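Let me begin by presenting the structure, written as structure tokens, before commenting on it.
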Amino acid sequence: METAVVNRISKETNIAITLLPEDGKTEISTGIGFFDHMLKALAMHSQIPMKIQVSGDLEVDAHHTVEDTGIVLGQAFAKALGDKSGIIRYGSAYIPMDESLAFCSLDICNRPFLVFDAEFTNPMIGNYDSCLTEEFMRALAFQAGWTLHCRVLYGKNDHHKTEALFKAVAHALHIAAAPAESGKTLSTKGMFG
């Protein structure tokens, strides 16, 4: 994985993302406290430092900010992983958080797909709309070129369920993006896509 920088400006958001910045520090600011918390967890548990600076139309709601961050982060991962050769490719993880248990399985393969199976009781977690977790994961998967399966198996607290899900994605990503011992492309086609 290499350093990747992606910037995107639209009428709704202004986003700058750097994966693996030279100073190795994670700095995240989206204007949505809980979302910042989730992105910091994603960076820490994937062991991929990230700088994410987002300015969005939060006076409307958080949707554009969260979805567009997923789009740009996915583009950054696509750039950082290049042709995706020489990596493990697949990763899966179960992550508990108190009473909640989440699972993620992903394939870094250039065939974007999302299966999202999670139900949330409350419409909001702080100033974050619970339904936006699925929108973020879809944008991330489709822009990064991942097949991504996310599931909350059980839980009561929506904060715990969402955080377990982000951490499960992070741990699955850490495994999938690791170098393959052979250094070869792990595909019977000899290529991805």
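Please enumerate the residues belonging to segment 130-161 that are surrounded by fewer than 19 Cβ atoms within 10 Å (Cβ to Cβ) and assigned to a strand (DSSP E or B). Within segment 130-161, Thr147, Arg151, Leu153, Tyr154 qualify.
With respect to the numbered conditions (1) touching a residue at least 60 places away in the same chain (Cβ under 8 Å); (2) in contact with a strand residue (DSSP E or B) (Cβ under 8 Å, 6 or more places away or on another chain); (3) at negative phi, which one is the sole condition not fulfilled by Asn127? Condition not satisfied by Asn127: (2). With respect to Ala177, determine if the residue is surrounded by 20 or more Cβ atoms within 10 Å (Cβ to Cβ), in contact (Cβ under 8 Å) with a residue 60 or more places away in the chain and within 28 Å of Glu59 (Cα to Cα). Considered against the rule, which asks whether it is surrounded by 20 or more Cβ atoms within 10 Å (Cβ to Cβ), in contact (Cβ under 8 Å) with a residue 60 or more places away in the chain and within 28 Å of Glu59 (Cα to Cα), Ala177 comes out as no.
This table checks each residue for (1) at pLDDT 95 or above; (2) of a type in the set (S, T, N, Q); (3) touching a Phe, Trp or Tyr at 6+ places or on another chain (Cβ under 6 Å).
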site: Ile17; (1), (2), (3): yes, no, no
site: Ile32; (1), (2), (3): yes, no, yes
site: His45; (1), (2), (3): yes, no, no
site: Pro49; (1), (2), (3): yes, no, no
site: Gly86; (1), (2), (3): no, no, no
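Listed by first and then second residue, the pairs with beta-carbon distance under 7 Å, at least 6 apart or on different chains, first residue in segment 1-14 and farther than 27 Å from Ser85 by Cα, second in a strand (DSSP E or B), are Glu12/Gly56; Thr13/Val54; Thr13/Ser55; Thr13/Gly56; Asn14/Ser55. Among the residues that make up segment 183-193, is at least one of them crowded, with 16+ Cβ neighbours inside 10 Å, hydrophobic (A, V, I, L, M, F, W, C) and at pLDDT below 95? Yes, that holds for at least one residue.
The values are calculated or read from the model by the stated rules, or taken from the named source; none is laboratory data. Being a predicted model, the structure only gives us computed values, none of them experimental. All Cβ positions, glycine included, derive from the backbone under ideal geometry; neighbour counts span all protein chains shown.
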